[in-house]
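Working notes, structure below.
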Amino acid sequence: MQKPNMIDAKKRNQHEINYTKYDQLKDKFGKNKKYFVRTYGCQMNEHDSEKINGMLESVGFKKTESYEDADIVILNTCAIRENAHDKVFGFLGVLKHIKDTTNPDLLVGLCGCMAQEEVVVNEILSKYKYVDFVFGTHNLDNMLNVIKERLDTSKKQVEVLSYEGDVVEGVPTVRDSIYSAWVDIQYGCDKFCTYCIVPYTRGKQRSRKKEDIIEEVKQLKESGFKEVTLLGQNVNAYGKDIYNDYNLANLLSDVADTGIKRVRFVTSHPWDFTEEMVDVIAKRENIMPYIHLPLQSGSNKVLKLMNRRYTKEDYLKLYNSIRKKVNNSSITTDIIVGFPGEKEKDFNETLEIVEKCKFDGAFTFAFSPRENTPASLMKETVSEEVKMDRLHKLNEIVNKYSNIANKKLEGTIQKCLVTDVSEKDDNKVCGYTENMKLVNIKGPKSLIGKIVEVKIVEAKSFSLDGEYVK
Ligand code: SAM
Ligand code: SF4
């Protein structure tokens, strides 16, 4: 049994990161068995789940849409906020009921960021004894061995490393979409924002080699994918750990050169975002003009307490440069309210920046202390009631500007990559504009998989209605 240790997880030791190839298991021990994977949290987790699905299918497991029907259920978890924890523990309760009643042989596994937390694993070991296996984010590629060991020995398996594993290429992947693909460009994060647990659960930054990324994009293009989204916690720091003279601007250029129709990237950190990067985004037609640029707070005092490494003036300078140089850009953000020490005045400064920037959208959060992070040791000065009140005020302004940004598109022609039948209406299809607005489109299903011109006829709060033009 190897349990996580948050003190070790904090260390940035100098051990060499190996770049290796995935070792495919020959034993088809999943034959005639069904799997169900539930994913919580960010895009990185969604993409990890595509790898989990791929590995399971490589040994014979088949996907089922119903956990009641499954032989193995894996929860790929998120640790960012307390409510993410609560959802996972709630679902574990449901699975216990299934094990107690209809399917005592059901295998239940937990992985992802919660599995990297010492308190969570201790709680699982003492209170959730029916969980069969736990593995962490650093050894995802070893998942099948962990499951096999559980099956062979009938003993609970816990294998969570508190240091980074290798960068493993060629992990089998079953992608959710056949048109738009996630592509990891880096793992981990070295920024240590004081509220954030990611640098502990995902380890130090490890960039993938540029050749491997470009090759993956070329293969995706050949297989018919129209869009790639380059993924990392802080994509603007790409390459800093392995190259002296190659950065995100270079990578974006090289990925654009593959000729794939659309290139996206998330998440950006203002501190590492250079003008060179803005210029590449502005210049290259197949790099999409959508940027998620987390602000977190509009108060310099709070930004410092958060260890964000930029001031609101730096943020605004970058923001204005993107708006000026990148045509038809849309910019969204993340904001936390109720950080320890945030006074009414600080919160008002956040509102001021939101009023200035008129973001296309924002993910807004109430501060939630995370185990062992510096902010969890700061004295909480904002009551839950005040946090909720601030969140409510902030959301009203965010929604106002999001509506205004959507309204501006009414009557315009937008290029959309059509990916699916609309969730709202079976007779419509849906897709995203270049600047990442969801459009429900009146048009035939034969449009799915194509990039088409769409006239925007009506803006709704969280989506647009459009008609196929050509
Ligand atoms: N790497 C990205 C960045 O630098 O902004 C995103 C990381 S995190 C997965 C997504 C968002 O969750 C953060 O931008 C932040 O707004 C929010 N978040 C992270 N930790 C939080 C906490 N302890 N309490 C509330 N919100 C938090
Ligand atoms: Fe967390 Fe900050 Fe790293 Fe984003 S940049 S993952 S918020 S530590």
Of the residues in the stretch 168-194, those that are within 16 Å of ligand 2 (Cβ to nearest atom) and not small (Gly, Ala, Ser) number 10
Exercise. Evaluate the stretch 393-403: report whether one residue or more is surrounded by fewer than 18 Cβ atoms within 10 Å (Cβ to Cβ), assigned to a loop (DSSP other than H, G, I, E, B), more than 16 Å from ligand 2 (Cβ to nearest atom) and within 24 Å of the chain's Cα centre (by Cα).
Key: no
Those residues of the stretch 211-234 which are under 28 Å from Arg308 (Cβ atoms) and not in a strand (DSSP E or B) amount to Ile213, Gly232, Gln233, Asn234
Subset of the stretch 64-97, residues assigned to a loop (DSSP other than H, G, I, E, B), away from ligand 1 (no atom under 14 Å from the Cβ) and either within 18 Å of the chain's Cα centre (by Cα) or among the hydrophobic types (A, V, I, L, M, F, W, C) (or both), comes to Ala70
Flagged in the stretch 368-390 as under 30 Å from Lys437 (Cβ atoms) and crowded, with 20+ Cβ neighbours inside 10 Å, in numbering order, are Lys387, Arg390
> Is there a residue in the stretch 215-229 that is at pLDDT 95 or above, over 30 Å from Asn372 (Cβ atoms) and within 16 Å of ligand 1 (Cβ to nearest atom)?
Replying inline: yes
Residues of the stretch 120-157 being out of contact with any Ser or Thr (no Cβ under 9 Å at 6 or more places or on another chain), among the hydroxyl-bearing types (Ser, Thr, Tyr), outside any helix (DSSP H, G or I) and more than 21 Å from Lys33 (Cα to Cα), in sequence order, are Tyr128
Among Val160, Val198, Val120, Val134, the single one that is β-branched (Val, Ile, Thr), in contact (Cβ under 8 Å) with a residue 24 or more places away in the chain, touching a Leu at 6+ places or on another chain (Cβ under 7 Å) and crowded, with 23+ Cβ neighbours inside 10 Å is Val134
Taking first residues from the stretch 180-191 that are more than 12 Å from Arg264 (Cβ to Cβ) and second residues anywhere that are away from ligand 2 (no atom under 11 Å from the Cβ) and aliphatic (A, V, I, L, M), the pairs with Cβ under 6 Å that are 6 or more apart or on different chains are Asp184/Leu231
Among the residues of the stretch 296-307, are any of a type in the set (D, E, K, R) and farther than 27 Å from Val228 by Cβ?
yes
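The values are calculated or read from the model by the stated rules, or taken from the named source; none is laboratory data. Since the structure is predicted, the reported quantities are computational estimates derived from the model, not experimental observations. Using ideal geometry, Cβ is built from the backbone for each residue, glycine included, and neighbour counts are taken over all protein chains shown.
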